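The values are calculated or read from the model by the stated rules, or taken from the named source; none is laboratory data. Since the structure is predicted, the reported quantities are computational estimates derived from the model, not experimental observations. Reconstructed Cβ throughout: ideal geometry from the backbone, glycine too, with neighbour counts over all protein chains shown. Accessible surface is based on the protein model in full, side chains and every heavy atom, while ligands, DNA and RNA are left aside. Shrake-Rupley method; radii C 1.70, N 1.55, O 1.52, S 1.80 Å.
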Amino acid sequence: MGEVRLMKGNEALAEAAIRAGVDAYFGYPITPQSEVIEYLSREATKRTGMLVLQAESEIGAINMIYGAAGCGKKAMSTSSSPGISLMQEGLSYIASAELPCLVANINRGGPGLGTIQPAQGDYFQAVKGGGHGDYRLLVLAPYNVQEMADFVKLGFELAFKYRNPVMILADGALGQMMEKVELPPQEPRVHIEYPWATTGKPKDGPRRVITSLHIEPEKMEEINLRLQAKYKKMEEEEVRYQAKNLEDAEYIFTAFGLVSRIALKAMDLGRQKGYKIGWIRPITLFPFPKKIFAEVSEKVKGILDVEMNSGQMVEDVKLAVCGNTRVEFYGRMGGVIPTPDEILAYFEKMFIKGE
Amino acid sequence: MAKVVGEIIVDIERCKGCELCIQACPEQTLALGKTLNHKGYQYVVKINDNCTGCANCAIICPDAVITVYRKVYKTKKEVPA
Amino acid sequence: MEPENVDVMVEDIVTPENLVYRKPSTLIDVEFHYCPGCGHSTVHKIFMEVVEEMGIQNDMIGVAPVGCSVFAYHYLDVDMQQAPHGRACAVATGIKRMLPDKYVFTYQGDGDLAAIGGNETLHAANRGENILVIFINNAIYGMTSGQMAPTTIEGMVTTTSPYGREVKTMGYPLKFGELIAPLPGVAYVTRQSVHTVQNVRRAKKALQRALEYQKMGLGFCLVEIVSNCPSNWKMTPIESNKYVQNVLIPFYPLGDIKVPEVKK
């Protein structure tokens with residue numbers, strides 16, 4: 001049993017970064033996640049020598065990550081929706097140049113300046129690739145403070161395994177709420193000489209170049225094919241989700257992140273009323289857990305997808321279900337958090353009263 | 001009296017005929033030749049033997065296509081037959 | 001008494017001990033894609049001469065911009081990263097902070113450094129990042145064929161200032177070196193050129209000094225090179241260097257703008 005503390009999601013994520021032996025954090029203040037850089041500024045450098053640098057903007061930050069990752073270092077940032085939008089160009093370059101890094105989006109209400117309340121309106125941006133070109137981020141969606149911590153180490157492992165940026169897609173509530181969290185052990189910061197990293201031309205070998213520029217289309221296509229193969233491998237090996245009560249389920253509630261806990265409660269309330277409701281929580285938003293949705297779609301009468309946006313993950317659910325069963329959506333936007341009762345009420349209206 | 005004799009080797013396939021060396025040569029030793037290289041550039045050629053190996057041409061040459069040699073002949077005896 | 005004009009055999013002169021000048025080994029042996037007479041090539045050459053002479057080829061990481069010199073890493077035989085347009089100074093910050101004992105440099109054009117990259121360059125300078133920024137100022141966007149740059153001077157014709165740059169509507173030419181020189185984090189700012197032999201020698205010296213200052217950890221070093229763009233200026237290389245001399249340099253005077261006091 002590791003050290004247990006009561007911590008805010010943002011601070012648990014920061015503490016986990018220190019313990020994961022992260023080398024560098026480049027960030028910029030933005031509500032609702034400024035606690036991450038504040039916490040790291042207090043703790044990180046003195047404990048592990050980890051660099052904490054407040055950049056001139058999120059554009060600066062993501063490009064500093066590019067440089068540090070290009071040296072084989074564990075580099076990361078956290079931001080929130082508007083800041084993450086500024087990082088999209090950098091993320092496209094990092095994905096194309098095949099560099100590992102971790103970026104967390106503590107999603108807030110949008111679009112535009114929006115609000116500082118929690119939201120999930122950045123799902124498409126995170127999962128379908130918010131920058132230019134065909135690339136994907138591996139996207140992890142925590143649903144409690146424990147996972148806000150756990151997904152830092154996991155995120156870096158996946159980032160270096162695939163040499164691809166990994167995103168933690170959380171939201172303002174997960175960032176701000178306090179919960180019990182069991183913290184991972186401290187890992188040392190180690191320098192690993194990766195053959196692809198630019199740490200100074202080896203005396204006995206060619207120089208290393210990190211670039212995403214390939215003027216010849218055939219070469220650029222070759223790069224793209226390599227990236228697509230990587231994403232296919234992620235889909236085969238890295239799908240993560242959690243499910244409950246699928247055995248006798250006639251209906252499924254599905255949601256990611258914070259909303260999945262509200263949907264869990266709504267399921268319980270529904271079960272008390274005799275409705276046989278199951279629950280699926282995608283943890284990796286890319287790669288999306290298509291198989292489980294395809295399987296349950298053969299058996300259930302309907303799926304209700306609940307999100308804090310206008311309906312984004314529901315499209316992926318529909319793709320996976322492929323028409324086998326009804327898929328309905330319930331959402332709140334602008335930072336409003338849905339309640340279990342209103343979810344259940346909508347379920348009854350769409351599925352029960354309809355019968 | 002010493003006699004300084006220079007010599008230059010031009011990588012004619014990489015010369016782009018920009019003429020900057022011609023302008024920089026204090027001895028007016030260089031000029032664009034008539035023949036073209038594989039890229040269709042008139043490359044630079046020596047048109048006299050006054051080269052002293054000062055390397056001005058090589059220093060100003062953007063594409064680093066000129067290699068320069070210089071030999072100082074101290075006395076008459078040393079000048080090879 | 002003048003030895004007579006003796007027909008000297010070439011083989012007698014072209015020998016290793018008589019070598020006076022050769023291409024630096026730190027330049028990759030490929031043809032530059034740059035236009036005939038372009039200053040980029042010259043700067044690549046003299047910079048790699050410095051790297052060879054200082055023996056630091058294996059301790060250096062460079063960052064290439066977007067612009068004509070986006071392919072710098074095809075030529076400079078050192079570890080390099082290619083940065084998004086304007087972001088080189090941020091990328092270099094990430095590298096230098098992770099590898100503080102390596103030489104880190106960016107190589108940027110005027111659009112990359114002073115337009116889209118203005119904020120990244122300004123803040124890297126203000127943080128006193130211990131990097132060398134090589135800034136090629138040819139007052140035009142080269143690769144995209146001839147648009148107005150932040151350093152395009154008043155009245156200069158470009159494809160986006162076809163009637164000459166009109167400062168009232170298009171703003172004033174930006175002197176980035178002077179802009180950042182007062183910042184305490186900035187150690188060395190100098191403006192050089194490569195349009196004459198003498199200036200090439202001086203520019204090489206300046207690049208070497210900047211790397212030495214970086215070794216001493218004195219902070220941000222900017223070496224600006226006022227350069228030419230024959231193709232987009234629609235001039236021959238010779239004419240373009242005259243333009244550098246008679247038009248650009250009067251507005252962008254050469255010389256050291258800020259030099260760190262270094263205890264000898």
- Subset tally (residues that are crowded, with 24+ Cβ neighbours inside 10 Å, more than 8 Å from chain C (Cβ to nearest Cβ) and within 15 Å of A:F156 (Cβ to Cβ)) for the stretch A:49-99: 6
- Message: Looking for something facing another protein chain (nearest Cβ under 8 Å) and within 11 Å of the chain's Cα centre (by Cα) - is there at least one such residue anywhere in the stretch B:27-48?
- Response: no
- Query: So which of A:E43, A:E15 ends up being away from every other protein chain (no Cβ under 14 Å) and more than 16 Å from A:K153 (Cα to Cα)?
  - Reply: A:E43
- strands (runs of 3 or more DSSP E) lying entirely in the stretch A:44-160 (those with 1 or more residues that are more than 12 Å from the chain's Cα centre (by Cα) and modelled with pLDDT of 95 or more): A:51-54, A:75-79, A:101-107
- Query: Here are some residues: A:E307, A:E247, A:E298, A:E315. Which one is under 15 Å from A:Q120 (Cβ atoms), open to solvent by 20 Å² or more (accessible area, probe 1.4 Å) and of a type outside the set (S, T, N, Q)?
  - Reply: A:E315
- For the stretch C:119-155, which residues satisfy the criterion of being touching a Pro at 6+ places or on another chain (Cβ under 8 Å) and either at the interface with chain A (Cβ under 10 Å from one of its Cβ atoms) or crowded, with 17+ Cβ neighbours inside 10 Å (or both)? C:N130, C:A139, C:P150, C:T151, C:T152, C:I153
